[in-house]
Structure formats: C-alpha cells, structure tokens
1. Starting from segment 216-233, keep only residues that are over 15 Å from residue 81 (Cα atoms), then list their pairs with residues that are of a type in the set (Gly, Ala, Ser) and surrounded by fewer than 20 Cβ atoms within 10 Å (Cβ to Cβ) whose Cβ atoms are within a distance under 9 Å, requiring at least 6 positions of separation or different chains.
2. Of all residues in segment 146-162, which are surrounded by fewer than 17 Cβ atoms within 10 Å (Cβ to Cβ) and either touching a strand residue (DSSP E or B) at 6+ places or on another chain (Cβ under 8 Å) or at pLDDT below 90 (or both)?
3. Taking segment 124-140, which residues are among the charged types (D, E, K, R), outside any loop (DSSP other than H, G, I, E, B) and surrounded by fewer than 16 Cβ atoms within 10 Å (Cβ to Cβ)?
4. Tell me, yes or no, whether segment 92-110 has at least one residue that is surrounded by 16 or more Cβ atoms within 10 Å (Cβ to Cβ), at pLDDT 80 or above and either among the polar types (S, T, N, Q) or part of a loop (DSSP other than H, G, I, E, B) (or both).
5. Is it the case, given these coordinates, that residue 55 is more than 22 Å from residue 157 (Cβ to Cβ) and within 20 Å of the chain's Cα centre (by Cα)?
6. Can you tell me which residue within segment 58-91, out of those that are among the hydroxyl-bearing types (Ser, Thr, Tyr) and modelled with pLDDT of 75 or more, is nearest to the chain's Cα centre (by Cα)?
Amino acid sequence: MSNLNEKEVKEKMSEKMAFEKSLEMSQNRDNIFQKIEIFVNVGNHCLLSIVVFYLVWYVFQDNFSELTCIHSLLCTLGFFFMTEGILLMNKQNAPTILNKGRRSMTKYHWIFQALGFILMVIGSVIEWLYREWEGKIHFHAKHGIIGLVALIFMAVTAISGCSALFSQELKSILNPLFNKSAHHIFAIISFITLVVGICFTLVQQNFTKRHDPGNLRIVMCWMLGFIAILTLLGSFKTLNTHLRSALRK
C-alpha cells in the first residue's frame, strides 16, 4: 500500500515538474517574442523619423515660397502625430512600457490623434484656399483625391472612437466588442489611405522635378510601406481578438 502511495506521489511530482517546465518554456518564448516586438517598434520609430525628416527637409528647400509648402508641412506633422498616437496603444511600444497606466496611454492616444487630425484639416484648408486664390482646379491629382478620402475616413474614425470610448455605456444598443472593432477597421482604412496619399505626393511630377537626390522618393515610399505594416500590426491583432471574442458570444 505504501509503495502504491509513493508511486502516485512520484507521478504527481513528475507531472507537476513537467507542467512547470512547459510553463517556463512558454514564458521564455513569450519573452523572446516581446523583445522582438520591442525591437521592431524601435525600428519603426526610426523609419518614421527618417521619412518625416525627409518630408520636412523638402518643404524647407522651397523656403515657403507657396502656401502649398505650409500645407505639406502641417500634413507631414499631422501624419507623425497620428502614427505615434496609434503606436501608443501597442503594448510593446517603448513609451507604453515605461508608462504603467492603460488609461494614461488612452488619454495620450486621443491627444496625439486629435492634434494630428487638426493639423491635417488646417493644412488641407490652406491648400484649398490657395487653389481658390490662384484659380486652380481642386482634386485633379490622385494625391488630392486620396487625401480627401483619408480626411473623410479620419472623421469617421474619430466618431467611432468616441463611440468606442463609451462602449460600456452603449452596450445596451451595441456590442462593445463590435463597437471597438468598428473603430479599429475605420482607423486601419484611414491610415492606409493616408500613407498611399503621401506616396502619390512623392511620385508626382512637381515633386520629382525639384529635390530628389538619388531617387530618394522611391526609398521613402518603401519606408512608408514598412511603417504602415509595422504600425498597424497591433491594430490587426487587437481587431482579430475583438472579432473572435464577439463571434463566440
């Protein structure tokens, strides 16, 4: 009888040790993936800084000879703040790790997004007024059309963001998970549209005629593509989690 008990104890101890080892290996894997994500996010910040520096440099090469340059500067800064605002919601983003509160990050996310949107709206209004004064045609270039579409989606994203912020209060009429998912979908569409609009700016004729040492604009377009992918990875992961959870209920 005692031998049987000892055998059962040994089996339980063996199972416990195997479970603990498996758990430790899983945690080690998670730690490795977290470190990779942190490294990728740092690289994304570097890419963003390079692209923004290049676009601002291009604007100052014109010495603000046209109001269009002010439009370009404001929209570039708006793009920077909106990208950083999205990255703030990524758990593996460096500023998010340093700041312990999720509520605090949500607040800064709103501030950055609002600032970026306001800068883009002001920049777009300036371009509109400039074209009115010069008697130029509105939205004749792909950049202008895509930019307008991006602004519309940004406005829709802002509205859906307000709805997502009060998702618990609105849960009687709208599933909170679907509510937040809608915000992520509109945000993804608006950000991709914004990046495509900037790429069309880089390849348009009046840009290539002026300041383009060594076809840097093509390199910048590739960088913008990587920025879009790396920035939206967290949004896609969160969207996938929300939708799967909502569909289970």
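The values are calculated or read from the model by the stated rules, or taken from the named source; none is laboratory data. Bear in mind that the values here come from a model prediction, so they are computed numbers and not experimental data. We place every Cβ from the backbone using ideal geometry, glycine too, and count neighbours over all the protein chains shown.
1. 226/43; 230/43
2. Result: 162, single match.
3. 132, 134
4. no
5. For residue 55, the condition - more than 22 Å from residue 157 (Cβ to Cβ) and within 20 Å of the chain's Cα centre (by Cα) - is met.
6. So, considering only residues that are among the hydroxyl-bearing types (Ser, Thr, Tyr) and modelled with pLDDT of 75 or more, the one nearest to the chain's Cα centre (by Cα) is 83.
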